[in-house]
Each structure stands twice: as structure tokens, then as C-alpha cells.
Amino acid sequence: MWAAQYYTYTKPRTLISSGGLGTMGYGIGAAIGAKVAYPDRTVINIGGDGCFRMNMNELATASRYNIPIIEIVIDNRVLGMVRQWQTLYYNAHYSATILEDKVNYCKVAEGLGCRAINVTELSELEPALREALASTEPILVNCVIDEDDKVFPMVSPGASIEEAFDEKDMKN
């Protein structure tokens, strides 16, 4: 959702999305397919750690066939979009959204034959992205963020798209 909101697209057909249809884990397979179809294009999948957990084993496919995709994991140790709803609409009653455990996504990626970079500070992000863009093999960039960072704008349950709101609207 953050890529759809904040990245400036200059050409058509450069964003592949499941369209918010709840297809967690869709991105890695889609990225592999896009890179095979367009080997001369840079292909980046941006997904949360919950999505990554669904199909992280697909990095083994990327490694086996040396398909140089870039996997960016937004690592907030929760199912972020669900947690956001639970925070805003269910009085922070968190049910089955907390992923706080000892999984090291960089070690997982390396174990599946890919390179990996861990980013814990904003100042580390640009060098990590430059390294990933220069890579000729599959690479994971794990970006650790706060568990309560939110994605805006959003639409309330049962509301229409015309009623979308953002963080500024919440403060008013």
C-alpha cells in the first residue's frame, strides 16, 4: 500500500498489485514472474513481514534460477494493516496480529541463497537501496519500522472511497 501511495510512477504497467484483495504473499511470485517476463527491468517487491512470511520460500526459486529481484520487507513485527484497523476501530484489542518472535528475515533470505541487508535506521536506507539496485542476484532489504506506523489514506469499514481520510483528518 505504501508503494501505491508514495512512489511516483512515470510509465503504465509498472505497478503490479493484487488490488487489496487480501492476497498476502502475492508479491514475491508476482515479482519473479515480472522479472522473467521483463529481464531488463528492475523489479522490486515491497511487502510487510506478514506477507513475506506467507511465501518467503519463493526466494529459493529466485536464487535457484538467479532471478535478480529486490525484496523489500517492511518489518514491523505485526500484521500492520490489520493492526491499524484494530487500533482505530477496535480500541486496540489486538487479536492474532502480533508477530513478535525471533525470526531473522536476513538469515532466512541468506539460507535460501539470496543476499540480504538489514536496515534499522533511516540513514541506512539509501545506501541499502543503492546496493540492492546494483545487485545482479536476488536480494532482500529488511526495513525495521515501528509497529504502529500507519498507512494513509484509508477508508473506514462500510464507508465509500469518497470518505477516505488521512492522519491530518484524524487530528481534526
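The values are calculated or read from the model by the stated rules, or taken from the named source; none is laboratory data. Predicted, not measured: the structure shown is a model, and the values here were computed from it. Neighbour counts are summed over all protein chains in view; Cβ atoms, including those assigned to glycine, are modelled from backbone coordinates with ideal geometry. These area figures cover heavy atoms from the full protein model, side chains too; ligands, DNA and RNA do not enter into them. Shrake-Rupley method; radii C 1.70, N 1.55, O 1.52, S 1.80 Å.
Summary table below
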| read-out | value |
| --- | --- |
| Cα-based radius of gyration of the range 116-157 once divided by 2.2 N^0.38 Å, which approximates compact folds | 1.53 |
| FRET efficiency, 1/(1 + (r/R0)^6) with R0 41 Å, evaluated for Lys171 and Asn57 via beta carbons | 0.45 |
| Rounded accessible area per residue of the chain, 1.4 Å, Å² | 62 |
| Value of [θ]222 nm, deg cm²/dmol, for the chain, DSSP H segments ≥ 4, -39500 (n - 2.57) each, nearest 500 | -10500 deg cm²/dmol |
| Distance between modelled label sites at Asp40 and Leu133, nm, 7 Å Cα→Cβ extension | 1.9 |
| Accessible surface of the chain, 1.4 Å probe, proportion on carbon and sulfur as whole % | 53 |
| DSSP-loop GluC sites (Glu not before Pro) across the range 72-172, with at most 12 other Cβ within 10 angstrom | Glu100, Glu121 |
| The range 1-131 - convex hull of the alpha-carbon atoms, volume per residue in Å³ | 131 |
